[in-house]
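Where a number appears in this text, it was derived from the coordinates with a stated rule and is not lab data. Since we're looking at a predicted model, the values are computed, not measured. Cβ coordinates were reconstructed from backbone atoms using ideal geometry, including for glycine residues, and neighbour counts include every protein chain displayed.
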Amino acid sequence: MQPGWDAFITSVQRPAAQSRVKALVEQGLQQPGDVERNLGHYTAKYRE
């Protein structure tokens, strides 16, 4: 499990990931509402 966790942490520390998470939070991530209910739709917007 540790290798997977380490890969996750490395991934979310990348600047591109940080900007995507910031944008999602600004849209309502971690708050009750549409982003939480339809997270797949919102994250699909950030495919590379």
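Observations on the structure shown:
- Under the Karplus curve 6.51 cos²θ - 1.76 cosθ + 1.60, θ = phi - 60°, whole-Hz ³J(HN,Hα) for segment 7-23, x wherever Gly or Pro sits: 5, 4, 4, 4, 5, 6, 8, 5, x, 5, 5, 4, 5, 5, 5, 4, 4
- Remark: segment 33-44, residue by residue, has Karplus-estimated 3J(HN,Hα) of x, 4, 4, 5, 6, 10, 4, x, 4, 5, 6, 4 Hz, where x stands for each Gly or Pro and the curve is 6.51 cos²θ - 1.76 cosθ + 1.60 at θ = phi - 60°.
- Converting the Cα gyration tensor eigenvalues of the chain into ellipsoid dimensions via √(5λ) gives semi-axes, longest first, of 22, 12, 10 Å.
- Computed magnitude of the charge dipole of the chain (debye, nearest 20; Cβ of K, R +1, Cβ of D, E -1): 120
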